[in-house]
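Q: The structure that follows is given in the form of structure tokens.
The values are calculated or read from the model by the stated rules, or taken from the named source; none is laboratory data. Keep in mind the model is a prediction, meaning the values are calculated, not measured. Reconstructed Cβ throughout: ideal geometry from the backbone, glycine too, with neighbour counts over all protein chains shown.
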Amino acid sequence: MIKTVYLFTLLSFVLISCQAEKNVSKYPNTVGDAAFDEKLDEAGFKKCGAGKNAPFSFQYYHGTRQFGYKGEKIAIIEQLKKENIYSEKMINGYITVRFLVNCEGKTGWFRLKHMNSDLKDVLLDEELENKLLKFTKSLNGWMPKEIEGLKVDYYQYLTYKIENGKVSEVLP
């Protein structure tokens, strides 16, 4: 009888621990991690480590540089002015493009978020969003980031503040 209770208890723990492992694997390693999406992402973009499913990517604020772009943010603003990107619509809000910079300074896994001035998730102007996404993808001055001597992937974002259909500010 004691052997039966012991065996039942042991099997219960094994089944519970197996179930817990399945639940944990559904979640990203870090809040905000993007998963590869074959509809959105280029198959050729490689993360450091174990390919497209590399275990960890840092956020933009980790490491020694706050903004790792050649020429800093001013270079991006100057390039944006040259492109003269605007909307015919008199819209106000924010368009954020978040992406991954790999250990070679190449970018991929772009994600868009749009909000009105009240920070509500609203499509502002699809054409403007596409232009800003294309512009962000064209930026090629992102610098690889090193943490403790190891080149790492990191997430970066650019938020374009839109006032009266024009980009009035680039954040961060």
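Q: So is Lys137 in contact (Cβ under 8 Å) with a residue 12 or more places away in the chain, basic (Lys, Arg) and either more than 16 Å from Thr107 (Cβ to Cβ) or surrounded by 16 or more Cβ atoms within 10 Å (Cβ to Cβ) (or both) or not?
A: Here the answer is no, as Lys137 does not meet what is asked.
Q: Which pairs turn up if I take residues in region 67-82 that are under 13 Å from Thr136 (Cα atoms) and look for partners that are of a type in the set (Ser, Thr, Tyr) with beta carbon separation below 7 Å, at least 6 apart in sequence or on another chain?
A: Listed pairs, sorted by first residue: Ala75/Tyr69; Ile76/Tyr69.
Q: Based on what the data block shows, is Thr136 modelled with pLDDT of 90 or more and in a helix (DSSP H, G or I)?
A: The answer is yes for Thr136.
Q: Still on this structure: Which residues, taken from region 71-99, are hydroxyl-bearing (Ser, Thr, Tyr) and part of a loop (DSSP other than H, G, I, E, B)?
A: Ser87
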